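Data first, discussion second: the structure below is written as C-alpha cells.
Laboratory data are not the source of any read-out in this text; all were calculated from the coordinates shown. Just so it is clear, the structure is predicted and the values come from calculations on it, not from any experiment. Because the Cβ atoms are built from the backbone with ideal geometry, glycine has one as well, and the counts that use them run over all protein chains shown.
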Amino acid sequence: MKAQTKWMTALTSVVVAAGGILGYSNLTEADESSGVPSSGENSSPENVIVMIGDGLSAGPMEIARNLEGGKDTDLFMESLDDVGMMRTYSDDNAVTDSAAAGTAIATGSKTYNGGIGVDEDGDEVESILDQYQKDGKKVGVISTNTVTDATPAAFTASVSDRSGQADIARQQYEAQYDVMLGGGGDYFSAEAQDGTDLTQEFVEDGYEYVTDEESLNEAGTPDKLLGLFNDSYMNYKTDRDNVDSEEPSLEEMTSKSLDVLSQDDEGFFLMVEGARIDHAAHAADATGVWQETMEFDRTVEQVTNWAEERGDTLVLVVSDHDTMGMSMTEPMDVESLRDIDVSPEYMAQELEMDDETGTFTEESIRNVFSEYANMEISEEQVASLLERIENEEGSIRPIHEVGWEIGSLIAEEYKVGVVDSNVRSESSTGGHTGNAVPVFATGEGSESFNGVFDNTEIRNKIQEVTESGEKEENKQTMSYTDVSDSHWAFESLSWADQRGLIDGYDDGTFRPSNALTEAQFAKMLLEFYGESEVGSPDGHWADGIYNALEEKGPPLNGYTNESARNNSVTRGTVAEVLAHMNGNEYGQERAIEWMYENDITTGRVEGETETERYDADGELTRAHATEFFKALE
C-alpha cells in the first residue's frame, strides 16, 4: 500500500457497528514502499523523540504534497507504522493556542489559552521531559521558533502567561537541560535578564554555546549544548538565502542533538519542533507551508532512519493544532505558488514608508506584489491592504501581521483554501481552528498511538510504553489526595510532609496553591528549627507557637496582633523572617537579596530589581513555602 493511501485510509475509515463507532484501521503491517518495519513486540523504548509540526494538519500536508511534486507525491511521515487523530481544544476554548496545546501534550493537563506548564487553576505541572530528567536521562528541545516560545516552553518551564519569555529562559537555565537549540537569543541577554548574560552563565556551567551553522558543526559532542541562532525566531526556509542566513537547518540541529544525547546509555527524551509551519499558515502562505513542511518531513525521515538502526527508540510525530484551516483546492494555482521564493513577512519588510501619511507608499505596495508574488494588484486591493494593516489607534501593526495581510491577498489571487482575513482578525489565536490533527508513530510502543484520542493522553501513553512513571491519574505518593508527583513542587512538598513541617486539611487535601497564613508560617518556622511541642490546648492552636516565637523575636506580627494570625503572610515578610532566624537582622530589601544570594528563590514575576522580581508584596503559597524551607536545609 502506498504511504499516501495508507494515511488517507486511516483518516477516512469508518466502522459501522452497534451504536455507530468511528474508528481507524490498525496500520501495523510493514509498509513495503517505505522500508520502515512494523514496531513488533511491545518492549519498552530507551529513547523517546517527539516531533511537533506546529500548525500542521491534513490540509497543509496536501498543499505540501502538491507543491513538492504533485498529487501522487508521498510524505515520509505518512509511512510510519501507526496512525491516530488527536483532539486539541483547551480548557477555556474550543480552539487552542500553542501554549495550551503544548502544555496538554507535555504534561497531560488541560490549561487556559496562554498558560505554559500550568493547569487550569494556574498551578504548575510537571512535563514528561522533566520526568525523564528526574529519572536520570538526558533531555533536550529544538525549535525553529525561539526556544522560549510556547511549544518548547511547555516542556521546560511553568509560567502563567506565555509572554514571559525572559522568565522561561531563566527557568531553562536553572533546570540545566542537556540540549537547547533554536532562536530567542534576546531573552537570554543581559538586557532581558537584569544585567546578567544568561548565555555566559550557561558557559560557566560547562555548556558548549554555539550561534551559527559553522559553530554547531564544529561543536563535536559536548556533554551539554546551547545553540541560539537568532535573536528572535529563526528565518523562514524561503527567506534564508535572501537574508544571507548563517543558521543551521532543522535537520542539522536534530542530527547534532542526537549525537549529544545518545552519548548516555541511560536513554534520552528529545522534542523537535518545526515551528514555522504555523507561522506561514497564519499568513495564508501556501509556499511557506510547503517549504517548512518538507523540511520537517525530511527531519522525520532522518530521525526514523536513525531510530531504525538502533531498535530502541519511539518516534512520535504530532501537531499541536490546525492553523487557518488551509486546504488544497481544485483551482489552486500550484505553479504560481511554486514560483514565489520569499515569505509575506519578507515582502512586508520591503515596503517603503511614506513619512507624510505614516503608512506605506502605494507604489512600494504594487512593486512588492509585482516583484515577489507576480501579481498586479488593483487600487481597491491597495486601499483594502492599507486599511487592514492599521490597528485601532491608526498605527501600523507589527511587521509579521502586515505579512499576514499580504499573504491573504496572495492566497486569494492563487485560490488557496484558507480562513479569510476577517475571521483571523476576530480570532484570539490569530486564526487557529478546532480541527483534529494527525499523529504518526513508529518504533517501540508505537501501537499505543492508534485511534482517536485527546492531546492530554500523549504524556500518559508515553509513560505507559516507557515505564518512566505511573499514569498521571494514578500518581498519589503523598498522604494528600490533591498532590501527585507531577506537581512542580512535589519534591519539597513530600519532604515537608515527611518532616511534619506543615499540616494538611481535615478533608485529606493539602491545597498547595493556597496562600500561607501567618499562623501556618509560624508553625513551619518552629518545626524547622526543632521546637514542635509548643501548641496550646486552651486557646488558638498557634498560641504556644507565638509565645515561643516572641522569645526569638523575628519580625512577625501575629504574636502581638491575634487578628493577623489568619492573614496571608507576604513574601517580603517571609524573606525578613528567614534571614532573621539565620542570624541576619536585615530589613526587607536586604533580606530579599540574601534570599537570592543563598539560592532560596529565583523570584516569580518580571521586574527590574530583585525586590520586584521576588514580588515582595505578593502572597506566599503553601507549595512555595516548602520550597524555601527545603532550600534552607
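Length gained on full extension, VAL243 to ASN582: 116.4 nm, using 0.36 nm per residue less the C-alpha separation. Note on ASP135 and GLU491: their simple-model spin labels are 1.7 nm apart, each label 7 Å out from Cα toward Cβ.
The alpha carbon gyration tensor of the range 273-394 gives principal lengths a ≥ b ≥ c with a/c of 1.5 or higher and a/b greater than b/c, which makes the shape prolate. Here the Karplus relation 6.51 cos²θ - 1.76 cosθ + 1.60, evaluated at θ = phi - 60°, turns the backbone of the range 353-366 into coupling constants of 8, 9, 5, 6, 8, x, 9, 7, 6, 5, 5, 5, 5, 4 Hz, with x for every Gly and Pro. Proximity of backbone amide H atoms, modeled 1.01 Å from N, is registered between ASN145 and GLY183, MET234, ALA275 at under 5 Å, excluding neighbours fewer than 5 places apart on the same chain. Put simply, when 50-60, 205-215 are sorted by average Cβ atoms within 10 angstrom per residue, most first, you get 50-60, 205-215.
Specify which residue in the list TYR207, THR238, LEU228 is farthest towards the positive end of the charge dipole of the range 116-239, using unit charges on the beta carbon of Lys, Arg (+1) and Asp, Glu (-1), about the Cα centre. With unit charges placed on the Cβ atoms, the residue in question is THR238. Paramagnetic label reach from ASP265 (point 7 Å along Cα→Cβ; backbone nitrogen cut-off under 17 Å): within the range 127-155, residues 136-138.
Label separation (MET353 vs LEU632): 5.4 nm, computed from points 7 Å beyond Cα along the C-beta direction. Put simply, when 135-147, 70-82 are sorted by average Cβ atoms within 10 angstrom per residue, most first, you get 135-147, 70-82.
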